[in-house]
Amino acid sequence: MSLPNVAYFSMEIALDQSLSTYSGGLGFLAGSHMLSAGYLGLPIVGVTILWSYGYYDQRIGDDGQVQVAYIRKYYDFLTDTGVSTTVDIFGEKVKVKAYLVKPELFGSCPVYLLTTDIEENSEWARSISHKLYDGNEKIRIAQETVLGIAGVRILQELNYKFDVIHMNEGHALPAAFELLRQYNGNLAEVKRKTVFTTHTPVAAGNEVHWVDTLMEGGFFAGCKRETAIELGGENFSLTVAALRMSRIANAVSQLHGLVSNKMWEWVEGRCPIRAITNAVNLHYWQDPRMKAAENSLEKILEVKREMKAELFKYVANVAGKRFDPDVLTITWARRFADYKRAWLILLDEERILKLLESNKVQIIFAGKFHPDDVMGKEMFNKILKRSHSMKNVVVLPGYELQLSGMLKRGSDIWLNTPMRPLEASGTSGMSANANGAVHLSIFDGWTVEGTFDGLNGYTIEYEGLDDEMDSYQRNLKDYECMMGKIENEIIPTYYDNKMKWAQIMRQAIRTSEAYFNSDRMVIEYFNRLYKPIAHGGICAGEDEDKDLKIEMEKPAGGSPSEAWTYSNIK
């Protein structure tokens, strides 16, 4: 039986530093998916948008505050397909042109990049593909309309016979509505071809727009208002509609699968949600020096020190501080969102200063916030300001693929501090593990499956982990557990028992290689999502998510637009 042809739709795909078509974790994951599909020779094509200004360029200004800059990107390595289509968006006929990333460029499967930034369009229409995740609601809706509707039409113009459309997050939902138009309103036919990945229980990842605004934007591809409301509500939820228009969906870790099923159980007519744990492309992320050193504990330590020295040259150049490769280095690097709690390790300044000033630890922060996220920007600036007067602390701007790789190679501890259970996966720790950076994480996301306390990393967990408590109490308990791990286990092992530390590093590397490789992930997607859809049914034995151990309450009125906080967990 032949494999189905898959079209993978994602608002961002990170293939290489030289191609600014991503913002962070969602793009990193999509990039690993495309790279592993290419490596394995599987029948997938990617569909995303060619962002003229990328996400944004992050820098530190003369006033010592973080700045958001937009710099136009130019590429000479993309192939013009010569194919275009036209989409009706907010009363304009917008022309969409397609470029191709050939597989030989980065080793991925073919990836098609859509752009509206062409001379035939108005200035407003050209701006649709300017900035990833534009904060203007109408532009954002237009971007999703281009991705989904134009994406389907471009593939059909190219004669790519897809059996499955994979919507990576709700951004690509207009693709399902375009199919609904082509199938004359036959939802069953749409569901046969559509699968969906949900990535987060946080409101920002589950978009909601007023249905009439979406209608005006062309989001529904001509679908009637009544039908749109039946699928996603009058205050239209992209996630709810995606669950109703897909044959099957998946969450991105086993714990996230439990949370997602309880979170969305109130949605009548939703498809099953399975759990397929995220992974990273080791061919891209793992430094070959660490892979070669894996069988020698002494060599692992030697290579790690070498990679730390390389990172610290960069730190000195960017931040003006000289770090010591013999000092335990802790890195927090990910999106600056409040629930991820970048500030947690600095909660008690006197306590952390003792470790910093005695050269027991060095701390690196890096990450981007959404340009319109005032709280995230303020958090970044506060930590940046504190870092200037604190020994052994730096904040590095411009967190993208290249810097991410340097940090994962040059860190001893990869710190992950989300508010459980809001971290769907936290995938960056997998590629850090592959380079011998030991995971220290809240017991959330993929950590529940892959970080074994004291064996290949350290977990922040304690009796009463899921007890109901307010955020202040939760922060204190998480902080105390985290600092206890650092002071009583990590520091003594790192300095006083190098061979044990090297063993933990080696087990982290091997765990990453054993399961958290995106080659495994893509094969699992084929076996558990794509093939059952293409062949008209769900595989036998796919009922493992029925017996859930986490009980959740939906927000008042059942609206998915509210952020899910720890108080929603019983």
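Key figures
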| quantity | calculated |
| --- | --- |
| Restricting the stretch 438-463 to residues that are without any contact (Cβ under 8 Å) to a residue 60 or more places away in the chain and among the charged types (D, E, K, R), the residue that is surrounded by the fewest Cβ atoms within 10 Å (Cβ to Cβ) | 463 |
| Pairs with Cβ under 9 Å, 6+ apart, first in the stretch 163-184 and among the basic types (Lys, Arg), second in a helix (DSSP H, G or I) | 181/149 |
| Residue check for residue 430: touching a strand residue (DSSP E or B) at 6+ places or on another chain (Cβ under 6 Å) and closer than 24 Å to residue 294 by Cβ | yes |
| Every residue from the stretch 362-387 that is more than 20 Å from the chain's Cα centre (by Cα) and buried (at least 24 other Cβ atoms within 10 Å of the Cβ) | 362, 363, 364 |
| Residue that is nearest to residue 427 (Cα to Cα) [pool: residues in the stretch 290-345 that are part of a strand (DSSP E or B) and of a type in the set (S, T, N, Q)] | 331 |
| Unique match (being in contact (Cβ under 8 Å) with a residue 60 or more places away in the chain, surrounded by fewer than 24 Cβ atoms within 10 Å (Cβ to Cβ) and not in a loop (DSSP other than H, G, I, E, B)) among 55, 39 | 39 |
| Yes/no for residue 368 being part of a helix (DSSP H, G or I) and out of contact with any helix residue (DSSP H, G or I) (no Cβ under 6 Å at 6 or more places or on another chain) | no |
| In the stretch 157-172, residue farthest from the chain's Cα centre (by Cα) [restricted to those that are over 11 Å from residue 147 (Cβ atoms) and aliphatic (A, V, I, L, M)] | 158 |
| Condition check for residue 424: modelled with pLDDT of 95 or more and crowded, with 24+ Cβ neighbours inside 10 Å | no |
| The stretch 402-424 residues that are over 17 Å from residue 199 (Cα atoms) and in the same structural domain as residue 27 (by TED's automatic domain parsing), paired with ones that are crowded, with 24+ Cβ neighbours inside 10 Å and modelled with pLDDT of 95 or more (beta carbon under 7 Å, 6 or more apart) | none |
| Condition met for residue 108 (in contact with a Ser or Thr (Cβ under 6 Å, 6 or more places away or on another chain), in contact (Cβ under 8 Å) with a residue 40 or more places away in the chain and crowded, with 22+ Cβ neighbours inside 10 Å) | no |
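The values are calculated or read from the model by the stated rules, or taken from the named source; none is laboratory data. The model shown is predicted, which means the values in this text are computed figures rather than measured ones. When we count neighbours, we look across all protein chains shown, and the Cβ atoms used for this are built from the backbone with ideal geometry, even at glycine.
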